[in-house]
Amino acid sequence: MFDTLTKGKKPVIISGPCSAESEEQVIATCMAIAKTGKVDMLRAGIWKPRTRPNTFEGVGAPGLKWLKEAGRRTNLPVAVEVANTKHVEEALKSEIDVLWVGARTTVNPFSVQEIADALRGTSIPVMIKNPLNADEDLWSGALERMIHVGLTDLALIHRGFAQYGKSVYRNEPKWQIPLEMKRRFPTVPMICDPSHITGKRENIAAISQQALDMDFDGLMIESHITPDQALSDAAQQVTPQALKEIIDSLIVRSSSVLDEALLDKLEALRKQMDIIDDDLVKLLGERMKVAEEIGLVKKEKGLTILQVKRWEEIIERVTKLGGFQGLSENFLHRYLSAIHQESIDHQNEVMNRTELEEE
Ligand code: PEP
Ligand code: MN
């Protein structure tokens, strides 16, 4: 399935409601999105793993028939989420074409193994969403469990990572993680789910474009015939018309560099970047040597390593300067805490070095 879908036309588009709510809603949504001519696969959640109880938890097995009927009428493959053996059995019995493992399931190796065991001996295509937490090993492990039972038609879905506190995202994208997965599993298609990353329909196009610019293979976008009335994830679902507009707005860039002149230009810029990277590492090394000298002075005078006021001054000065350089506050914050930790480690090392080691 994914081999054929990713060959030629790019990106693969998977769409449909967050949840199947009624036969009418599933059929109307799927027919309308299929009519745009932009969609390669239909999706709908039948069993919904919700964070809190007393929210809509899906219509269950009867919804499988509705989705299957939508697939028959549109001639498109249909996908549902499975979270346990029973779901797998019901989905296979209803001849659902593609399954996916949701973020709340990927975190649990027991559940993933249970699903993998129930799929042994089949050749159904399976998509694995990233776990809720930013852990590429857990995500890799879920994929490997599917590979170990003999499944070969596999894809990954990047839906972002849960975070504590306020963020512009519903789930932080942390793009370095799907990129690491692409490096680890270069033949497995990577699909972005911008709907769950943003949580807001206005931002779906921008996140989709970012994913395509990072050479993702496809997009999974939630759609609903009347999104504002949706029983789950209302704010992030789009109408079939809006889905078409989002897809039409996307620019698909080539990942293979064919043009010689362009290649030369890229090569020159990359050399420039390598030189800057080398300089940055050398400067960081020098900074740590200065930190060690400070550590020796503190040791001599019996001062603590952490001098809060001094650290606050550094944060303020560097954040301001970094802002002028076009660096985001989020990056500067992570950069400064990494540097600070490394400095503390170096100072710790010199302050606690024994006399014997110093000789
Ligand atoms: C979904 O696709 O509707 C869903 C529940 O997603 P996730 O597992 O990414 O939260
Ligand atoms: Mn959803």
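The values are calculated or read from the model by the stated rules, or taken from the named source; none is laboratory data. Every value quoted in this text rests on a predicted model; they were computed, and no experiment measured them. Glycine also receives a Cβ, built like all others from the backbone with ideal geometry; neighbour counts cover every protein chain displayed. Remember, those area values only see protein heavy atoms, side chains included, never the ligands or the DNA or RNA. Shrake-Rupley method; radii C 1.70, N 1.55, O 1.52, S 1.80 Å.
Tell me, which helices (runs of 4 or more DSSP H) lie completely within the range 22-95 with 1 or more residues that are touching a Lys or Arg at 6+ places or on another chain (Cβ under 7 Å)? Correct list: 23-35. Number of residues in the range 122-150 that are surrounded by fewer than 19 Cβ atoms within 10 Å (Cβ to Cβ) and in a loop (DSSP other than H, G, I, E, B) equals 8. Of all the listed residues (Met181, Met220), the sole one being open to solvent by less than 10 Å² (accessible area, probe 1.4 Å), touching a residue at least 24 places away in the same chain (Cβ under 8 Å) and either within 14 Å of ligand 1 (Cβ to nearest atom) or of a type in the set (Ser, Thr, Tyr) (or both) is Met220. In the set (1) open to solvent by less than 80 Å² (accessible area, probe 1.4 Å); (2) on the phi < 0 side of the Ramachandran plot, the condition left unmet by Asp233 is number (2). Scan the range 152-172 for residues that are more than 16 Å from ligand 2 (Cβ to nearest atom), farther than 16 Å from Glu81 by Cβ and in contact with a strand residue (DSSP E or B) (Cβ under 9 Å, 6 or more places away or on another chain) and the total you get is 3.
Do we find that Arg104 is in a helix (DSSP H, G or I), assigned by TED's automatic domain parsing to the domain that holds Ser19, within 23 Å of Ile207 (Cα to Cα) and within 16 Å of ligand 1 (Cβ to nearest atom) in this structure? The answer is yes for Arg104. The residue list Asn348, Asn330 contains one member that is outside the structural domain of Asp217 (by TED's automatic domain parsing) and either at pLDDT 95 or above or more than 30 Å from Gln209 (Cβ to Cβ) (or both), which is Asn348.
Say we look at the range 265-320 and pick out the residues that are assigned to a helix (DSSP H, G or I) and polar (S, T, N, Q); which of these is farthest from Asp345 (Cα to Cα)? If we take residues in the range 265-320 being assigned to a helix (DSSP H, G or I) and polar (S, T, N, Q), then Gln272 is farthest from Asp345 (Cα to Cα). Of the residues Asp153, Asp193, which single one is open to solvent by less than 60 Å² (accessible area, probe 1.4 Å), away from ligand 1 (no atom under 16 Å from the Cβ), under 20 Å from Ile13 (Cα atoms) and of a type in the set (D, E, K, R)? Asp153 is the lone residue from the list that is open to solvent by less than 60 Å² (accessible area, probe 1.4 Å), away from ligand 1 (no atom under 16 Å from the Cβ), under 20 Å from Ile13 (Cα atoms) and of a type in the set (D, E, K, R).
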